[in-house]
Amino acid sequence: MDPENEPHGPWPAERLRNVALIAHVDHGKTTLVDAILRQTGAFRENQAPGERVLDSNELERERGITILAKNTAVFYRGHKINLVDTPGHADFGGEVERILGMVEGALLLVDAVEGVMPQTRFVVEKALRAHLGLILVVNKVDRPGAEPARAVDQVLDLLIALGAGDEVLEIPVLYASGRLGVAFADWPPRPRQGAGGGGRGELPEGDLRPLLDAILESVPPPAGDPEAPLQILVTTLDRDEYLGRLAIGRIANGRIADGQSVAVLRGDDGVPPRIGRVQPLFTFGSLRRLRCPLAEAGEIVALAGLEGVTVGETVTDPLEPRPLPPLRVDEPTMTMVFMVNTSPFAGREGSFLTSRHLAERLEREMERNVGLLVEPGDQPDRWRVSGRGELHLSVLIETMRREGYEFAVSRPEVIWRERDGRREEPLELLVADVPDEAAGAVLEALGARRGELRQMAPAGEGRSRLEFLVPSRGLLGFDSQFAALTRGYGVAYHTFYGYGPDRGPIPLRSRGSLVAWERGVTTAYALANAEQRGTLFVGPGTEVYEGQIVGENAREGDLDINVCKSKHLTNMRSSTADVAVRLTPPRQLSLEEALEFIREDELVEVTPRAIRLRKAVLDREERARLRAGRVSRIEAGRRG
Ligand code: GDP
């Protein structure tokens with residue numbers, strides 16, 4: 001393929017295409033973009049083709065989710081195509097919506113084996129609402145069991161169900177394998193004239209040109225008048241180590257030059273504009289941001305130098321400031337406390353653990369993680385961190401842990417609000433696709449979590465599709481329960497639905513915790529006794545501290561238990577080995593499970609090497625005094 005690299009622009013709108021990638025997780029966005037970049041020559045100059053360019057974050061790769069929007073661009077047939085990735089998880093739904101406002105078209109990727117999945121439905125709905133030109137890419141056609149025709153039918157059914165008009169029947173359809181770097185306009189593919197035979201299994205020779213051609217032909221160029229006063233709606237944020245905050249958005253009208261003065265304001269708050277200077281100005285290239293002297297209406301730009309700029313503000317002409325309608329950023333619905341690690345093991349496993357380290361890191365996160373709110377806590381060394389759902393927060397915790405941070409967090413709580421004197425709570429719309437035989441168990445589990453079944457329909461091939469409205473607090477820890485109930489064959493996605501009246505109490509775990517009596521190293525002998533009392537989280541030979549939670553009590557209330565005791569030294573020979581064999585393997589809690597498990601008086605200690613559960617108050621006697629105090633207060637209350 002012959003790349004035409006004219007990266008620095010300015011690119012007139014008619015030679016620009018702005019396209020979002022939308023798909024269910026794992027349907028192959030990253031692999032496809034990588035192949036496009038490769039074929040358009042992005043790797044030509046001393047760049048080894050890396051595996052998967054778009055998801056740069058290791059954690060994203062591992063979990064198969066793209067968390068922050070990524071921009072890249074390819075240069076093809078004298079055009080620049082800006083490709084904007086969208087997050088694959090519903091906790092980031094607000095971000096998807098904003099990104100779709102910055103493009104004119106969307107590539108909808110659907111796996112040729114899996115077909116339409118719940119997340120496909122969610123993103124297609126948003127794309128239709130944004131009136132985007134859709135291109136359907138039936139992907140992974142090389143997979144055994146691929147049924148491209150079925151995938152197309154499912155997408156058409158979905159579009160009709162979502163109320164799209166007849167024009168949807170006209171949407172361009174391509175059949176692709178991102179992995180093999182081929183796209184075809186027909187299925188089964190017709191060998192191209194003069195091309196040799198297969199060589200790639202059943203598929204004829206090819207490349208991704210048909211897909212890029214379809215983008216040029218069917219996605220309209222961006223609208224906008226380069227001669228009008230400047231207007232850019234800030235859509236996402238990024239952060240550069242040296243330049244600080246970067247504001248990213250599409251130029252709606254006008255043009256902007258590197259070093260230019262601009263006004264920044266919001267459309268709805270009546271606050272006078274702030275004046276700033278854009279320095280430097282970037283556009284996007286295939287593998288990195290490109291410094292750019294001038295950009296015009298339609299181009300997607302990143303602006304450095306504008307301190308304090310936030311999503312939803314307009315960057316505009318200082319002489320003729322004209323704000324665009326502000327964007328909505330989802331309000332946080334879940335909150336938790338981050339605090340300095342005070343466990344006896346603090347400082348052993350992490351590199352960053354002081355109050356200053358944490359404060360700086362959280363501050364930095366707010367710079368680019370739109371929708372995340374960090375506020376001082378009710379005590380020094382504590383911060384209240386609020387975000388959009390459990391995943392939004394747990395991804396941050398996991399990222400920090402991998403960067404070498406050590407800290408403790410409290411149980412996540414949803415954010416209630418008051419409306420017309422009524423208490424309201426956040427609700428999620430949950431769609432689950434499950435094997436029929438698991439449907440009953442899922443119904444029961446969600447019922448206990450105060451979910452309301454809204455719809456239930458056969459999904460074909462022995463599967464059912466269930467739709468629920470569930471309070472967000474009821475979904476804490478649900479993912480792992482769901483995976484267990486469906487033996488990993490279920491798929492569930494949830495999206496924030498809105499606030500609604502209090503759904504009533506959800507019974508918390510009724511059992512207490514097994515709490516380590518003293519600091520030491522666990523022994524098989526002591527654990528064999530302890531496991532009579534409940535389910536253990538630690539195996540033999542583990543260092544624990546007083547107040548650490550080592551298991552779940554089989555009964556109500558906590559039980560302080562000695563897990564470090566060794567058997568009296570009389571018959572050493574028979575002890576350890578024998579007992580060790582008989583121990584049940586400990587239950588390993590994931591971060592999400594740990595967050596769900598803990599109660600108000602408990603914390604999760606997070607370090608690069610471990611996730612430990614602990615009582616907030618470690619000292620056994622102090623805990624006993626507090627408990628006694630509570631009991632006597634309750635009794636005093638009863639008597640009074
Ligand atoms: P994303 O989550 O949408 O970005 O998906 P990825 O690009 O990360 O792909 C998810 C998985 O599908 C990975 O294991 C890929 O290797 C695999 N995959 C991606 N594209 C193809 C394809 O065209 N054919 C096959 N057989 N597998 C693919």
Lone unmet requirement of (1) part of a loop (DSSP other than H, G, I, E, B); (2) modelled with pLDDT under 90 for residue 226:
(2)
Does region 401-423 include one or more residues that are in contact with a Leu (Cβ under 7 Å, 6 or more places away or on another chain) and at pLDDT below 90?
no
Take residue 214 and decide whether it is modelled with pLDDT of 90 or more, of a type in the set (A, V, I, L, M), out of contact with any Leu (no Cβ under 9 Å at 6 or more places or on another chain) and buried (at least 16 other Cβ atoms within 10 Å of the Cβ).
no
Would you point out the residue of region 155-172, among those that are buried (at least 18 other Cβ atoms within 10 Å of the Cβ) and under 18 Å from residue 114 (Cβ atoms), that is farthest from the ligand (Cβ to nearest atom)?
159
Yes/no for residue 73 being more than 13 Å from the ligand (Cβ to nearest atom), small (Gly, Ala, Ser), at pLDDT 65 or above and touching a strand residue (DSSP E or B) at 6+ places or on another chain (Cβ under 6 Å):
yes
When you scan region 314-325, do you find a residue that is β-branched (Val, Ile, Thr) and part of a loop (DSSP other than H, G, I, E, B), even just one?
no
Would you list the strands (runs of 3 or more DSSP E) that sit entirely within region 367-471 and hold 3 or more residues that are crowded, with 17+ Cβ neighbours inside 10 Å?
382-387, 407-409, 422-435, 463-471
Expected output for region 122-143 (first residue closer than 19 Å to residue 33 by Cα and of a type in the set (D, E, K, R), partner away from the ligand (no atom under 15 Å from the Cβ) and assigned to a strand (DSSP E or B), Cβ below 9 Å, 6+ apart or cross-chain) is none
In region 480-501, which residue that is closer than 17 Å to residue 120 by Cα and β-branched (Val, Ile, Thr) is surrounded by the fewest Cβ atoms within 10 Å (Cβ to Cβ)?
491
Do you know which residues across region 311-356 are within 26 Å of the chain's Cα centre (by Cα) and within 30 Å of residue 543 (Cα to Cα)?
336, 337, 338, 339, 340, 341, 350, 351, 352, 353
Of all residues being within 14 Å of the ligand (Cβ to nearest atom), modelled with pLDDT under 85 and of a type in the set (A, V, I, L, M, F, W, C) in region 33-54, which is nearest to residue 492 (Cα to Cα)? Just the residue, please.
54
When you go through 411, 465, 449 one by one, which is the residue that is under 28 Å from residue 356 (Cβ atoms) and not hydrophobic (A, V, I, L, M, F, W, C)?
411
In region 12-32, what residues are among the aliphatic types (A, V, I, L, M) and either more than 8 Å from the ligand (Cβ to nearest atom) or not in a loop (DSSP other than H, G, I, E, B) (or both)?
13, 16, 19, 20, 21, 22, 23, 32
Search region 581-603 for residues being over 15 Å from residue 551 (Cβ atoms), aliphatic (A, V, I, L, M) and touching a helix residue (DSSP H, G or I) at 6+ places or on another chain (Cβ under 7 Å), and hand back the single one that is surrounded by the fewest Cβ atoms within 10 Å (Cβ to Cβ).
591
Applying the selection to region 120-145, what residues are within 23 Å of residue 489 (Cα to Cα) and either surrounded by fewer than 22 Cβ atoms within 10 Å (Cβ to Cβ) or more than 12 Å from the ligand (Cβ to nearest atom) (or both)?
121, 122, 142, 143, 144, 145
Of all residues in region 502-528 being in contact (Cβ under 8 Å) with a residue 60 or more places away in the chain and in contact with a strand residue (DSSP E or B) (Cβ under 6 Å, 6 or more places away or on another chain), the one that is surrounded by the fewest Cβ atoms within 10 Å (Cβ to Cβ):
502
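The values are calculated or read from the model by the stated rules, or taken from the named source; none is laboratory data. Only a predicted model underlies this, so the values are computations on that prediction, with no experimental measurement involved. Don't worry about glycine lacking a Cβ; one is built from the backbone with ideal geometry, like all the others, and counts go over all protein chains shown.
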